[in-house]
Structure formats: C-alpha cells, structure tokens
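Engineer: First, the structure itself, so that you have it in front of you.
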Amino acid sequence: MYSNNINPASLPDRIDEVIDQTLADKRLVGAVIQVAIDGAMIYSRAAGHADRELNKPMREDSLFRLASVSKPIVSTAALVLVAKGQLKLDDRVDRWLPEFKPQLQNGEHATMTIRHLMTHTAGLTYRFFQEENGSYQRAGVSDGMDQPGITLEENLRRLATVPLLYTPGTEWKYSIATDVLGAVIAKVTDTSLSEAVHSLVTKPLGMSDTGFIAGDPERLATAYANDVPEPRPLRELDRIAFLEGTAGFQLTPGRALDDTAYHSGGAGMVGSAGDLLQLLETLRKGGAPLLPEYLFREMTTNQIGDLPMAYWPGRGFGLGITVLKDPIAANTPESPGTWRMGGTYGHSWFVDPVQRLSVVAFTNTALEGMAGQFTVDLCEAVYKSIKK
C-alpha cells in the first residue's frame with residue numbers, strides 16, 4: 001500500500017528524464033537508482049556505463065566504491081553493539097583504544113566519547129578539508145580512500161599526534177571519526193572490522209554484496225571524475241579538487257580490490273545499491289531485527305542541538321547520518337526528519353520517514369553523483385510525484 005501522498009505512476013518517467021538528461025550532458029557515466037515506498041520497490045534502473053571504455057553497461061547489481069556510504073553501515077554496527085550491551089554511547093574512546101589520546105591545542109587531554117565519534121563532534125576533521133600540507137597531511141594521516149600501505153592502528157597513531165581542532169562536543173565537523181569508531185568496533189568484538197560488520201549487519205540483512213573488498217570484481221564499476229568534455233577515468237592515487245583552498249580528495253580506486261588495505265570505517269567499503277536500500281528500509285521500519293526502536297530513534301534524531309553544520313544548512317546530525325531540521329533553510333522539498341548522506345565516488349541517498357520513502361542513487365562519477373545538480377534534480381523529480 002503506497003503513501004496516500006505519492007503517485008507512483010508518474011515517478012518513473014520523471015526520474016528517467018533526469019537520468020537521461022544527466023547522461024546526455026556527460027555529467028555522469030553510469031548510475032543505479034532505486035526507490036522504495038512503503039517497503040515496495042517502485043523504481044529500479046541501471047543506466048549508462050559501468051565501464052565506458054569497454055562499452056560495459058551498468059547493471060542493477062553493479063558494485064561501487066562506497067566512500068562515505070560506509071558510515072551508516074559502520075554506525076549501525078556500533079549501535080548493534082550498544083543494543084547488545086557490549087558498548088555504551090557515553091563510553092570514553094580511550095577505554096577501548098588506550099593508545100588513542102589526542103590532545104587539545106593547549107596540550108590538555110580531551111575526553112572523547114563514542115557519541116562524539118558518531119555525531120562528528122569529536123574534534124577531528126578530514127585531510128581533504130584542510131589546506132595543502134595541513135596538519136593531517138604532515139602527519140601522514142589517510143582519509144581512508146587512498147592506499148598508504150599502513151594499518152588502521154598506524155593511521156590512528158598518526159592521527160593522535162595531531163591536536164584536536166576543538167573540545168569534543170562543542171562544534172560539529174565532518175571527519176575521520178568513523179574510522180576511529182571502526183577501530184572501537186574491532187576492539188569490542190575482538191575481530192577485524194570486516195568480520196564485525198559482516199556478523200553484526202550485513203549477514204543478518206542478507207547484504208551479500210557489501211564488504212571491504214569487491215566480492216565480484218567483474219561487477220565493480222569503473223570510477224570516473226567529472227571533466228570536460230566528459231568524465232575521465234580515475235587513475236591510481238588520483239586527486240579531485242574539492243572546496244577552494246583545500247587539499248581535495250586523494251583517491252586510489254584499486255583499494256577496492258586490495259585485501260591488504262586497512263578497513264576504513266568511514267570510507268573503505270564496497271557494495272551495491274540494493275544492499276544499501278535493504279539497510280535503509282530496515283532502519284526506516286524501526287530497526288528490527290538489528291536494533292530496538294529506541295536506538296533507531298536516537299540514531300535518526302538530531303543529537304547536536306543548534307551547532308552549525310558547514311555546507312549542510314538546515315540540517316542536524318544523528319548517530320552517523322544527517323537529519324533535516326528546516327527544509328526552507330536547506331532549500332529542499334524533503335520532509336522534516338529526512339535523513340541523508342552521500343559518498344565521494346558519486347553517491348547520494350535519503351530516507352523520508354514521513355513519506356515512507358527511501359531513495360538510493362549510486363553513480364560511478366565523482367563528484368556529480370554526490371554533490372552535483374543531478375542530486376538536486378533527482379530529489380525534485382521524486383517530490384514532484386508527491387502531493388503536498
């Protein structure tokens with residue numbers, strides 16, 4: 001039974017128009033878009049190329065480098081441990097990672113909790129947000145999308161040598177915090193992060209395509225970067241400009257096929273659109289069988305008050321995901337309470353609990369598929385089929 005506000009008959013044509021135009025404009029190489037309403041899949045399409053140079057069409061079960069789409073998966077794994085009583089949101093991080101004790105700018109020790117990690121209020125940042133040769137780059141910190149040839153433990157050791165940007169809990173900055181959370185999960189479960197996420201999340205939900213390495217390399221889409229006159233294939237150890245004055249993204253697409261790469265909880269996973277939709281729908285329906293409803297509610301409720309979120313006006317942050325507070329400030333047709341995130345390699349997704357709607361848009365083109373006009377056009381196409 002569909003939401004009374006949605007006309008699913010008009011939705012496919014509107015989405016098709018957006019996809020076809022974006023491909024024709026050569027802003028995307030390929031995409032997989034899936035939409036569920038009231039738990040029913042009403043739209044699923046693979047369009048364009050998984051590999052343009054080999055004339056390989058995109059498939060609905062194509063695999064993608066997830067980048068930050070890893071975050072809701074790993075955050076859910078942490079919450080499963082909370083539900084089991086093995087971890088508490090207000091545990092100090094150094095209870096689990098005794099060596100991880102970054103200091104404040106004045107040299108004092110900071111109290112950092114699991115909640116700080118999950119809400120991105122831990123005092124951390126990303127190297128790609130900093131200026132060229134910033135403190136993270138000088139310390140050799142990896143953002144989790146390149147292959148520096150180090151372990152997760154070594155990356156956190158380097159991270160801990162850099163002073164925190166602010167006292168945990170006092171500001172919000174999107175950051176490498178989920179990598180630290182991944183190390184906590186591995187410590188709590190006394191296994192690798194890959195094995196922990198498998199047992200806690202992906203296996204129970206049948207997300208067989210999702211892990212820290214591509215299970216079927218033949219289905220792995222080639223990664224591209226926006227360029228003129230058309231997107232270019234990403235090279236190994238490639239760079240993509242981001243915000244003016246920042247170092248930008250450093251990407252190694254081959255990481256998805258390298259089982260020696262450390263498990264980056266914030267950016268290192270590989271998966272399919274269908275798998276993510278399965279997780280989003282599980283959470284939208286209340287979290288069972290993974291989470292009790294009270295934890296799902298906490299995950300999807302703004303945890304950071306009125307702390308400003310750079311580049312995310314009108315939104316707050318739950319436990320691993322953004323939460324829409326003010327659609328007007330955010331300039332979006334989404335309902336208040338909608339949760340949304342993206343991924344550097346070219347992904348966006350959102351869940352509107354009011355409309356009982358989940359949308360997954362995986363592309364193989366950075367950064368259009370994450371932050372380009374395509375994401376705006378797709379969202380508007382969906383909501384044009386909704387009667388306000």
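The values are calculated or read from the model by the stated rules, or taken from the named source; none is laboratory data. Note that the structure is a prediction, hence the values are computed from the model and not measured. In this analysis, Cβ positions are derived from the backbone assuming ideal geometry, glycine residues included, and neighbour counts consider all displayed protein chains. Calculation scope for accessible area: heavy atoms of the full protein, side chains included, ligands and nucleic acids excluded. Shrake-Rupley method; radii C 1.70, N 1.55, O 1.52, S 1.80 Å.
Engineer: State whether one or more residues within the range 266-274 are under 25 Å from residue 351 (Cα atoms), surrounded by fewer than 23 Cβ atoms within 10 Å (Cβ to Cβ), in contact with a Ser or Thr (Cβ under 9 Å, 6 or more places away or on another chain) and in contact (Cβ under 8 Å) with a residue 40 or more places away in the chain.
Structural biologist: yes
Engineer: Would you be able to say whether some residue in the range 168-178 is without any contact (Cβ under 8 Å) to a residue 40 or more places away in the chain and either among the aliphatic types (A, V, I, L, M) or touching a Leu at 6+ places or on another chain (Cβ under 8 Å) (or both)?
Structural biologist: Checked the range 168-178: no residue is without any contact (Cβ under 8 Å) to a residue 40 or more places away in the chain and either among the aliphatic types (A, V, I, L, M) or touching a Leu at 6+ places or on another chain (Cβ under 8 Å) (or both).
Engineer: Take residue 23 and tell me if it is of a type in the set (A, V, I, L, M, F, W, C), outside any strand (DSSP E or B), modelled with pLDDT of 95 or more and open to solvent by 50 Å² or more (accessible area, probe 1.4 Å).
Structural biologist: Working: of a type in the set (A, V, I, L, M, F, W, C): yes; outside any strand (DSSP E or B): yes; modelled with pLDDT of 95 or more: yes; open to solvent by 50 Å² or more (accessible area, probe 1.4 Å): no.
The answer is no for residue 23.
Engineer: Hey, another quick one. Can you pull out every residue in the range 230-264 that is among the β-branched types (Val, Ile, Thr) and in contact with a strand residue (DSSP E or B) (Cβ under 9 Å, 6 or more places away or on another chain)?
Structural biologist: 240, 252
Engineer: Of these, 238, 227, 258, which one is open to solvent by less than 10 Å² (accessible area, probe 1.4 Å) and either farther than 19 Å from residue 196 by Cβ or at pLDDT 95 or above (or both)?
Structural biologist: One residue alone meets the criteria, 238.
Engineer: Would you mind listing the helices (runs of 4 or more DSSP H) fully within the range 294-388 where at least 1 residues are open to solvent by 10 Å² or more (accessible area, probe 1.4 Å) and touching a residue at least 60 places away in the same chain (Cβ under 8 Å)?
Structural biologist: Numbers: elements: 327-330, 368-371, 373-383.
It comes to 368-371, 373-383.
Engineer: Only one of these conditions is not met by residue 289: (1) under 30 Å from residue 41 (Cα atoms); (2) not in a loop (DSSP other than H, G, I, E, B). Which number is it?
Structural biologist: Result: residue 289 fails condition (2) only.
Engineer: In addition: Can you find even one residue in the range 186-209 that is charged (D, E, K, R), in contact (Cβ under 8 Å) with a residue 40 or more places away in the chain, closer than 30 Å to residue 278 by Cα and open to solvent by 10 Å² or more (accessible area, probe 1.4 Å)?
Structural biologist: yes
Engineer: Which of the residues belonging to the range 81-102 are open to solvent by less than 10 Å² (accessible area, probe 1.4 Å) and out of contact with any strand residue (DSSP E or B) (no Cβ under 7 Å at 6 or more places or on another chain)?
Structural biologist: 81, 87, 102
Engineer: How many of the residues making up the range 255-286 are assigned to a helix (DSSP H, G or I), closer than 24 Å to residue 59 by Cα and not basic (Lys, Arg)?
Structural biologist: So the first thing to find is which residues in the range 255-286 are assigned to a helix (DSSP H, G or I), and the list is 255-257, 273-284.
Then keep just the ones that are closer than 24 Å to residue 59 by Cα; that gives 255-257, 273-282.
Applying the additional criterion that residues be not basic (Lys, Arg) yields 256-257, 273-282.
Residues meeting the conditions: 12.
Engineer: Those residues that are surrounded by 15 or more Cβ atoms within 10 Å (Cβ to Cβ), among the charged types (D, E, K, R) and touching a strand residue (DSSP E or B) at 6+ places or on another chain (Cβ under 8 Å), I need them from the range 47-58; list them, please.
Structural biologist: Applying the first criterion (surrounded by 15 or more Cβ atoms within 10 Å (Cβ to Cβ)) to the range 47-58 yields 47-52, 56, 58.
Keeping just the survivors that are among the charged types (D, E, K, R) gives 51-52, 56.
Of everything in the range 47-58, those that are surrounded by 15 or more Cβ atoms within 10 Å (Cβ to Cβ), among the charged types (D, E, K, R) and touching a strand residue (DSSP E or B) at 6+ places or on another chain (Cβ under 8 Å) turn out to be 52, 56.
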